[in-house]
1. Based on DSSP, what percent of beta bridges with both residues in chain B are antiparallel, to the nearest 5?
2. Take chain B, compute every pairwise Cα distance, and split them into 10 Å bins from 0; I just need the percent in each bin.
3. What whole number of Å gives the distance from the Cα centroid of segment B:124-159 to the Cα centroid of segment A:204-264?
4. Would you mind calculating the gained length between A:Lys256 and A:Asn198 on full extension (0.36 nm times residue separation, minus the Cα-Cα distance), in nm to one decimal?
5. For chain A, give the magnitude of the charge dipole about the Cα centre (Cβ charges: +1 Lys/Arg, -1 Asp/Glu; no others), in debye to the nearest 20.
6. Which lysines have a Cα lying under 23 Å from the Cα of A:Lys206, excluding residues fewer than 8 positions away in the same chain?
7. Mind checking which aspartates and glutamates have their Cα closer than 17 Å to the Cα of B:Lys268? Skip sequence neighbours fewer than 8 apart in that chain.
8. Relative contact order for segment B:96-165 using alpha-carbon pairs under 8 Å, separation at least 6, rounded to a whole percent?
Amino acid sequence: MVASEFEDELLLDLLKEPVLAVQEFILLTGDALRNILRRPHYGADIILQMDTIGVGSLPLVVLVGLFSGVVMALQMARALNQYGQVEKTGTLVSITLVRELGPVLTAIMMAGRNSSGMASELGSMKVTEQIDAMRALGTDPIQKLVTPRLEATCLMLPLLTIIADFVGMFGGWIIAIAFLHLPSRQYWSSVWRALEWNDVTQGLIKPLVFAVLISLIGCFYGLRTTGGTQGVGRATTQAVVWAVVLIFIVDAMITKVFVGQGAS
Amino acid sequence: MPSESRTPILRFDNVTVSFDEVKVLADVSFAAYESESRVILGAAGSGKTVLLKTALGLIRPASGKVYAFGQDLSGLREDQLFDVRSKIGMLFQEGALFDSLNIEENVAYPLINQKSIHCPPEQVHPRVVEALEFVELGETLEKFPSELSGGMRRRAAIARAVVTGPPLTLYDSPTAGLDPITAHTIVTLLIKERDMANTTTLLATHRYQDGNLIANFRYNSEQGSLEPARDGAGPRARTTFMVMQEGRLAFEGDQDQLEDSTDPYITKFVKRRIRK
């Protein structure tokens with residue numbers, strides 16, 4: 001009887017922490033989204049974050065996009081060759097990049113680079129009492145720190161995804177002309193024809209949703225950092241891990257919606 | 001002076017603060033009046049910082065009431081608290097200067113962001129310069145916090161805390177981790193601010209000598225240094241000592257009562273003076 005009560009209490013304690021974290025995350029999301037329409041708007045902070053998140057991530061996104069296109073073209077060509085359909089390489093590269101690889105790989109790169117950056121920056125501010133100082137000096141930290149990061153990520157991630165998609169297609173083109181000896185016009189024609197509005201919609205909705213996750217998870221773990229520099233490290237790791245896990249879960253959910261519509 | 005007949009600037013009524021069901025402030029009650037100095041002594045983890053942050057409305061009590069300038073802080077939303085906070089200057093433990101802003105921007109921050117201050121833009125720079133000259137850091141406007149020494153950062157943080165001329169100032173361990181000379185300079189600045197602006201001061205510290213200076217010295221503006229206060233209505237009469245022990249208020253009284261205490265915990269913080 002006593003053991004059972006102890007187990008119940010232990011279970012309750014174990015559940016309390018994640019439930020509380022989810023509640024805090026939902027509250028942070030609500031506040032950050034509401035602040036988009038509220039004054040004051042920190043325009044300079046948004047531009048600074050756009051530069052850090054967007055321009056700063058560009059080389060990484062270009063590299064990842066290029067090589068994912070190259071690899072896709074090589075792998076698909078090998079499979080298609082068995083059916084004598086090598087000329088369809090552009091089609092497969094295009095669809096896989098726009099629907100899945102472009103948004104997901106770009107989001108993962110952004111999670112690794114920016115969720116961690118946000119968590120460590122805000123975490124350092126938290127443990128050095130700069131967040132408290134901000135509140136003491138008349139500023140809402142969510143308005144000043146979280147909302148600009150959310151807005152900047154939502155603006156930059158779809159743009160970076162589009163760039164990654166195009167660079168990936170370009171990588172596929174290099175393989176198509178250099179190793180598969182396909183005519184350039186044929187490759188680009190199959191790339192273009194393969195895409196439907198549904199693919200483009202799916203390819204743009206995903207980065208927008210991922211942007212919300214990446215920025216808010218980074219800020220969330222940053223703002224709840226405790227325990228000095230060790231805590232900052234822990235918050236950074238948790239932010240990246242959860243951002244990546246949630247990107248895959250949400251990707252599966254969005255894909256299911258589009259597949260469910262019978263459009264894919 | 002019958003302080004009870006006046007309205008306190010800050011009042012704690014049976015305030016309890018808990019983190020993860022651990023009480024970090026337990027049933028704390030006191031009242032601070034205009035021009036009064038309160039020295040809060042206590043070991044690390046005794047609740048000094050939590051007490052100051054609760055006074056500022058940064059931490060909400062689990063039970064009890066906190067009144068600042070007659071307003072019950074527990075009933076206010078975060079945006080409503082900004083008005084109350086604009087009347088309170090706070091020096092955080094390590095200064096908490098924004099490391100992405102230079103010293104001028106740091107000190108200007110409350111003037112620009114605290115809406116109830118209503119500081120015209122053309123007055124921001126002169127007031128920042130004045131506040132930095134007050135702490136003798138007039139040449140550091142363009143520097144970033146990382147370019148300053150620990151003592152200079154603490155002085156810049158004092159400038160930021162007092163630039164708006166708040167009637168209540170809270171200092172959280174302002175001398176922690178500083179050498180004795182720098183620590184003396186910092187306490188001198190606190191006394192200078194208290195005596196020149198006639199502010200109510202709450203000083204959390206583990207160093208008895210800081211409290212002793214606050215209680216027994218005043219700032220001589222002509223000489224630019226501290227001098228012993230001899231008159232009966234001086235800082236000594238207006239200084240109350242509090243001792244925190246594991247979240248509880250273990251002692252509240254004047255310096256003589258503190259030094260007469262035989263409580264083993266309290267005596268750890270007290271160096272008895274030679275009384276005349």
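None of the figures in this text is laboratory data; all of them are computed from the coordinates on show. Because the structure is a prediction, the values reported are computed rather than measured. As a convention, Cβ positions derive from the backbone with ideal geometry for all residues, glycine included, and neighbour counts pool all protein chains shown.
1. 55 percent
2. 7, 29, 37, 22, 5, 0
3. Measuring centre to centre over Cα atoms gives 40 Å.
4. 19.6 nm
5. For chain A, the charge dipole is close to 940 debye.
6. Reachable lysines: A:Lys256.
7. Those aspartates and glutamates meeting the cut-off are B:Asp210, B:Glu246, B:Glu252, B:Asp254, B:Asp256, B:Glu259, B:Asp260.
8. Reported relative contact order: 48 percent.
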